[in-house]
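None of the figures in this text is laboratory data; all of them are computed from the coordinates on show. Worth saying up front: this structure is predicted, and the values here are computed from it rather than measured. With ideal geometry, Cβ positions are generated from the backbone for all residues, glycine too; neighbour counts draw on all protein chains shown.
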Ligand SMILES: Nc1ncnc2c1ncn2[C@@H]1O[C@H](COP(=O)(O)OP(=O)(O)OP(=O)(O)O)[C@@H](O)[C@H]1O
Ligand SMILES: [Mg+2]
């Protein structure tokens, strides 16, 4: 029998059992919709994380004290004090692939202005930090090399700190606030960056010269990290090599000895994040895919019922000349049509579900290929779970089938 | 028998045994006969005598345990399943006791069914052949009636049209009037006699000894063997039989 006629027969069989066909489609609809929504959320989160990270600058390189911690071994506290002033100076002298450098020290505490106070973090940085991070100043200005040299008690504050300490909309610039009881004069307010994809407020911070924080707040001689920027994203690897060479020589590490510092690029961070997000997405999708498996078994069940119900029809078709393959094609097409129709509806429901998720504030993005994969998977389910019932139909004995009541 | 007539069916010592558990049921114990083109043969016998088994052999639905069967000159015994399916499609028309029409399907679509499995027909040719067959059984005005909107007699006419549509070498009917009342049975006989006059070869299995008067030859089976094989010199007219039926039966 040709394809068009087979299609008609399959359509008629489905139409004559609309409700039953719909119920077995329902499994596929739910499964496909779940897969699509999971993929959309996974993809959406990944894109939003990527966007956030690349907003921070894709050429950023971070140097942290201590050996690579990815092994998970806890290190001696003294190992965390390896980044010193000498390292910073040496990098400044010898850098070729690195454009900007900023040592970093941080301190958390209360910031107070008049009757208002807020808990925040103080970042000690160099002048170049704003170039590395690509941060812009909304109001006022940045501190100068002069301020760094003199360990001046000046600071820039983030939008959140400004809102907390100056709730009445006064201009913070020029006011003096206290952080850990040290007075700081506000010279600028940073442009708001909102929350990042991990839900962290990127505006709840203060930035001051690193010298000020080191000497006046912490009284320490080492940095908690050094941030650099490479000449360009493509030159990140050369920049990392350069920094490694400088620091190893400065720390007198030779031969096979391991570094007492860790250098990571923003790119690497991004890839690590992507991999993590991918893993989460895969887990979600696999869970959703199981419902497709269950749906497939549902289709098989319905097809077996359909074959049994139509035993007499099968016998008749065989007696007028249908070969086994004609019969099995007929039932296979029927199950494929059920699963593919379910797939189409599932994509639509999945799309609507994604819209609902978006309206609840979840980042979503439906990858185009997930739609094609859904169709392919549905066809495959139709074939796999339709095969056994179709084979059963094709192998019926025409004499017994036609007598079946 | 006229020697020049073409042999449509030839059985040579056909046996069909079934194994049920450890026992062997001998449904056919060696049956031989020839059926010529244009014969109207009734096959009779008691229940369990092997009539249906024989008809399944003739219809290529089954193969003999031993012996040879030639349909239109080709040996069926060694054919594969698919070859036999094709043979049924091209050379045989079945009429069953329980009509076996596709449910919720129109008369003309039911009649088209065998041609669906014949790639030589396109949809237009299929429709034409089906309409012609339905006209031949007197249902030219009921082409688009659904199978569940028809009486038993009409359904059996559709089934006969379906058996005719592929222009078969032989029409096989198993108890084709078994579900019908006397009057409708006679109407079917009138139809079969018309087909017989048109030169079709018909094999008609029945319990009803009366029907043998209306065929050209009668084969009696008993215990899987032929008891009698007689030519009917005096074929009664089914039309006259129909006319003689008491009028009180239809109201
Ligand atoms: N598939 C089978 N398996 C086992 N035995 C069978 C099978 N088909 C038929 N038989 C046996 O073969 C014998 C002949 O059966 P068959 O159906 O041909 O009889 P019949 O003449 O058509 O009877 P009826 O008039 O009741 O239809 C019976 O004894 C039956 O039990
Ligand atoms: Mg029988």
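Data for the structure
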item: Inter-site label distance for residue A:81 and residue B:29 at 7 Å from Cα along Cβ, in nm; result: 11.3 nm
item: Global size of chain A as Cα Rg and Dmax, reported in angstrom; result: 32.9, 104
item: Fully extended contour minus Cα-Cα distance, from residue A:191 to residue A:139, at 0.36 nm per residue; result: 17.9 nm
item: Nearest-0.05 FRET efficiency for residue A:256 and residue A:282, computed from C-beta distance (R0 30 Å); result: 0.20
item: DSSP bridge pairs, the protein assembly as shown: antiparallel proportion in percent, nearest 5; result: 70 percent
item: Sequence of B:33, A:360, B:186 once ranked by neighbouring C-beta atoms within 10 Å, starting from the fewest; result: A:360, B:33, B:186
item: Separation between Cα centres of region A:249-266 and region B:48-124, rounded to whole Å; result: 86 Å
item: Per-residue [θ]222 nm for chain B (sum of -39500 (n - 2.57) over DSSP H runs n ≥ 4, rounded to 500); result: -9500 deg cm²/dmol
item: Mean separation of Cα contacts under 8 Å (6+ apart) over length of region A:101-228, as relative contact order %; result: 38 percent
item: Sites residue A:19 and residue B:225, calculated FRET efficiency, Cβ-Cβ separation with R0 51 Å, nearest 0.05; result: 0.45
item: Chain B, relative contact order [Cα under 8 Å, separation at least 6], %; result: 26 percent
item: Linear extension gain, residue A:149 paired with residue A:234, 0.36 nm per residue minus alpha-carbon span; result: 27.3 nm
item: Using a Förster distance of 45 Å, the FRET efficiency for residue A:388-residue A:272 (Cβ separation, nearest 0.05); result: 0.50
item: Virtual paramagnetic centre 7 Å along Cα→Cβ of residue A:373, amide N under 16 Å, in region A:21-35; result: A:31-35
item: Proxy reagent accessibility, fewest Cβ within 10 Å first, across A:231, A:165; result: A:231, A:165
item: With Cα atoms, 0 to 90° folded angle of helix A:324-359 axis to chain A main axis; result: 30 degrees
item: Ranked A:100, B:213, criterion: other C-beta atoms within 10 Å, fewest first; result: B:213, A:100
item: Inter-part distance where region A:335-369 and region B:7-47 are each reduced to a Cα centre, Å; result: 62 Å
item: Cα centroid of region A:112-165 to Cα centroid of region A:24-46, whole Å; result: 45 Å
